[in-house]
Structures are given as C-alpha cells and as structure tokens.
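Nothing in this text is a laboratory measurement; each read-out follows from the coordinates by a stated rule. Every value quoted in this text rests on a predicted model; they were computed, and no experiment measured them. Neighbour counts run over all protein chains shown; Cβ positions are idealised from the backbone, glycine included.
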Amino acid sequence: MSETNWTRRAFWLGGGSLAAAAAFFGLQPRAWAFHRGFGGGFGGHGGFGHRFFGDPEAAKERAGFAADWVMKTVNGSEEQRQQARRITDRVVDELQPLAERHRSCRQAIARELAKPSLDREELERQRQEGLKLADEASRTIVAGLADFAEVLKPEQRAELVEWVERFHGR
C-alpha cells in the first residue's frame, strides 16, 4: 500500500474512530450541539454529555460497551477487551474534569450575557477558554484512541479500517 493510500486510510479511520470516540465518551457530535442550541456541546443543558459526564460510571459503561463492540468487530481476545476497557475508563476519568470546566465556562458566558452591560473582553476570554478545553479534550481522546489502537494487532487495525470504509460507502 502506498504512503498516500495509508495516510488517507489512517485519516478516515481516525475520523471514524473519533466519531465513535465521541459516542464512547459521551461527547456530543457537532450537529447535536447545534441541534440543542447554545450550550449544547459536552455537558450542556441535560443532554447526552450531561447524562454521561454527570455520572462517570454511566460514561464508563457506555465507553466500555463501545470498546467491546469494536473488539467483537475485529475478533479481539479477552485480554484485548480488558486492556481496551482500562483505556476507556482512564479516558473517561481524564475527560470528567474537562466537562466540569466546560460547564463552568458556559455558565460564566450565560452570566455575562444576562448583565445589563456586556463585557466583550470577558466573553472573549471565556471563548478562548472553551477552545483550550476543546483542544485538551481532543488531545485526550486522540491519545486514548492511539492507546486503544496499540491494543489491536496490525491485521485487526486493517480489518477495522476496511469496516469503516464499508460503513462509509467507500
């Protein structure tokens, strides 16, 4: 396989896997955030993120279910399933404080917008904080995804890439 094809496949696997990671870890995909309106995102207004990040054990259960599903898709061993479960539990634990900080940031924006006179600098500061949190969450998810991928054998990763491509009609 050429470097370009591998890069393209890795990109699509990563994108598909990140979408799955969003479901794994209780994060709302962007479309859901828009659908739910201001404050959607992870942890917003009692939506999907709030249900799972408000309850770390529920988030771990959901992430574990998704990890098991991936392992079944590639015929993973029991040892691989256990390793994957430890990874998803760890990532949920790492994302929990970020979800709490995100809620605080969202509340600060709401408080600012409720004031008679807006402080645009404060709104900008909160926006920047939100971007930092998103970046940190993204790094945490990608690191967890890499750890998860290392649990798989190369042929299992290739099988998963093929499955993602079939799923996306490629």
Q: Please specify each residue of the range 130-151 satisfying the condition of being of a type in the set (A, V, I, L, M) and more than 20 Å from Val92 (Cβ to Cβ).
A: Leu131
(Q) Looking at the range 82-97 only, could you name the residues that are touching a helix residue (DSSP H, G or I) at 6+ places or on another chain (Cβ under 6 Å) and free of Cβ contacts under 8 Å to residues at least 60 places away in the same chain? (A) Arg85, Asp89, Glu94, Gln96
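Could you list, in sequence order, all residues of the range 59-81 that are without any contact (Cβ under 8 Å) to a residue 24 or more places away in the chain and more than 18 Å from Gln156 (Cβ to Cβ)?
Of everything in the range 59-81, those that are without any contact (Cβ under 8 Å) to a residue 24 or more places away in the chain and more than 18 Å from Gln156 (Cβ to Cβ) turn out to be Glu61, Phe65.
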Q: Tell me which residues, restricted to the range 150-170, are in contact (Cβ under 8 Å) with a residue 12 or more places away in the chain, among the hydrophobic types (A, V, I, L, M, F, W, C) and surrounded by 13 or more Cβ atoms within 10 Å (Cβ to Cβ).
A: Val151, Leu152, Leu160, Val161, Trp163, Val164
Q: Determine which member of the set Glu112, Glu122, Glu100 is touching a residue at least 40 places away in the same chain (Cβ under 8 Å) and acidic (Asp, Glu).
A: Glu100
